[in-house]
Amino acid sequence: MNRVSSIRMTFVVFLLLFLSSGVTSGVTNTTSVQRTAPAKAGAGAAQAARDPQKLFEAGEAALHAGKLDDAEREFRQVLAIDPGVAGAYANLGVIHMRRKQWPRALEMLHKAEKLAPGIAGIRLNIGLAYFRQNDFVRAIHPFESVVQQSPDSYQARYLLGLCYFFNDRWTDAIGTLEPLWGKASDQLNYLYVLEHAADKAKNQALEEKALARMVEIGEGSPEFHLLMGKGHINRGEYDDAVKELEAAAQADPKLPFVHFNLGLAYTHKQDYERARDEFHKDIALEPDVPFSYEQLGSVESTAGNEDEAAKNYRSALKLDPQLISSHMGLAKIEEHRRHYAAALSELDRVIRLDRGAASARYLRGQVLVRMGRDKEGRAELASATKMLNEQRAARHKELEGETVPSPELAREPE
């Protein structure tokens with residue numbers, strides 16, 4: 001077997017857009033769109049002070065300087081004078097994105113899109129707002145529209161390819177990402193995504209090409225060790241995973257997500273003390289990423305430390321309220337404590353996020369029975385049992401919840 005074939009990676013979950021490989025977590029600004037209302041005759045100095053053009057320029061300057069409150073005030077003044085300025089809505093959307101206020105961001109961006117449907121930058125930011133919430137399905141349409149309008153848009157094409165990838169649309173992912181080879185083939189993350197999609201699509205030539213390039217540019221690097229370690233985790237080879245990940249951490253202790261993946265490997269080895277230590281290290285490096293808190297919550301719950309587990313689940317949910325596993329973890333803790341109303345509240349949140357969450361529905365049925373709502377509970381249990389049997393037949397989900405996340409891909413290219 002040749003060297004490329006020997007390191008073939010068939011990962012179950014996905015990884016690695018590195019900050020060191022041309023990645024940013026900043027927000028892309030929309031293209032400014034302006035429509036200045038004419039000044040009324042005789043308005044004088046007072047009207048001049050409310051010149052929407054000058055207010056807009058002041059808002060842009062404040063936004064570029066990171067003064068979000070000042071920028072928001074200026075853009076809202078523009079809209080008070082002329083509610084038809086699409087650029088003001090668009091930049092308010094950017095401001096809310098930087099604050100991670102996703103519903104408000106999308107509200108502003110959709111208003112901007114309605115006023116200026118031809119501006120690709122507005123639709124790009126709509127896609128980004130969905131992407132950053134891990135809503136890769138709804139991100140597809142706006143990204144597709146940008147790529148259709150601007151086929152050479154590197155950012156839109158890359159993000160669209162990732163959205164296809166996350167949704168197992170392997171052929172679409174290849175068709176979208178392969179044209180970026182000239183710009184992106186020096187990035188391990190890009191090569192991995194392309195290789196994995198090619199493997200799934202049975203495109204052997206492209207798979208081998210991507211793998212060969214991975215070895216050429218990455219072998220021996222911390223990033224390459226991280227990729228190899230993650231591959232071992234997904235194949236259940238936890239001792240080998242630890243060796244690769246420790247090599248990555250030794251070479252670069254601050255490599256994003258190396259400690260997260262070490263925590264996962266130690267968790268699978270049931271070495272919870274080391275797992276706990278690695279997740280804490282990852283949190284120290286990446287305090288705004290929710291997944292280490294979630295995994296730490298799981299470790300503490302397994303160890304019987306319910307207070308610590310609940311604290312970490314809540315920390316994860318503060319960063320991302322849509323994390324199903326954290327809501328589910330809290331529900332199990334509250335159910336165990338016989339806090340049935342609180343457990344039911346968490347389970348209802350899970351079901352709102354995923355109506356096919358059969359394990360949540362099963363636990364909800366048990367909670368309802370224990371609350372004395374016997375008829376309702378038994379109906380829920382019967383429905384959940386049917387769903388679980390269907391899912392087992394399809395091998396779609398396991399009883400205990402979601403696949404372990406790989407947050408490494410939730411990054412955008414410059």
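The values are calculated or read from the model by the stated rules, or taken from the named source; none is laboratory data. Computed from a prediction, not measured in an experiment: that's the story for all the values here. Using ideal geometry, Cβ is built from the backbone for each residue, glycine included, and neighbour counts are taken over all protein chains shown.
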So for the range 185-207 (the condition being surrounded by fewer than 19 Cβ atoms within 10 Å (Cβ to Cβ), acidic (Asp, Glu) and either assigned to a helix (DSSP H, G or I) or touching a Lys or Arg at 6+ places or on another chain (Cβ under 6 Å) (or both)), does at least one residue qualify?
no
- Query: Just wondering, is there one or more residues in the range 51-60 that are touching a residue at least 40 places away in the same chain (Cβ under 8 Å), small (Gly, Ala, Ser), part of a helix (DSSP H, G or I) and crowded, with 22+ Cβ neighbours inside 10 Å?
  - Reply: no
Original post:
Any residue at all in the range 225-235 that is assigned to a helix (DSSP H, G or I), polar (S, T, N, Q) and surrounded by 22 or more Cβ atoms within 10 Å (Cβ to Cβ)?
Top reply: no
Of the candidates GLU286, GLU335, GLU300, the one satisfying the condition of being more than 25 Å from the chain's Cα centre (by Cα) and in contact (Cβ under 8 Å) with a residue 24 or more places away in the chain is GLU335
Within the range 245-283, residues of a type in the set (S, T, N, Q) and either surrounded by fewer than 21 Cβ atoms within 10 Å (Cβ to Cβ) or under 19 Å from the mean Cα position of the chain (by Cα) (or both) come out as GLN250, ASN261, GLN270
In the range 72-113, anything of a type in the set (Gly, Ala, Ser), out of contact with any Ser or Thr (no Cβ under 8 Å at 6 or more places or on another chain) and assigned to a helix (DSSP H, G or I) is listed as ALA80, ALA86, ALA88, ALA105
Here the residues within the range 281-312 that are among the hydrophobic types (A, V, I, L, M, F, W, C) and assigned to a helix (DSSP H, G or I) are ILE283, ALA284, LEU285, PHE291, LEU296, VAL299, ALA309, ALA310
Residues of the range 312-332 being farther than 16 Å from LEU353 by Cα and in contact (Cβ under 8 Å) with a residue 60 or more places away in the chain, in sequence order, are none
Selection from the range 100-115 of residues in contact with a helix residue (DSSP H, G or I) (Cβ under 7 Å, 6 or more places away or on another chain) and at pLDDT below 95 yields TRP102
message = Quick check on the range 256-269. Is at least one of its residues closer than 24 Å to TRP170 by Cα, part of a helix (DSSP H, G or I) and among the aromatic types (Phe, Trp, Tyr)?
response = no
Exactly one of GLY161, GLY175 is under 17 Å from LYS209 (Cβ atoms), surrounded by 23 or more Cβ atoms within 10 Å (Cβ to Cβ) and without any contact (Cβ under 8 Å) to a residue 60 or more places away in the chain, and that one is GLY161
Checklist entry - Does LYS111 satisfy the condition of being out of contact with any Phe, Trp or Tyr (no Cβ under 8 Å at 6 or more places or on another chain) and either surrounded by fewer than 22 Cβ atoms within 10 Å (Cβ to Cβ) or among the charged types (D, E, K, R) (or both)? => result no
Subset of the range 333-386, residues more than 30 Å from VAL137 (Cβ to Cβ) and of a type in the set (Ser, Thr, Tyr), comes to TYR340
If you go through ASN91, ASN134, the only one that is surrounded by 23 or more Cβ atoms within 10 Å (Cβ to Cβ) and among the polar types (S, T, N, Q) is ASN91
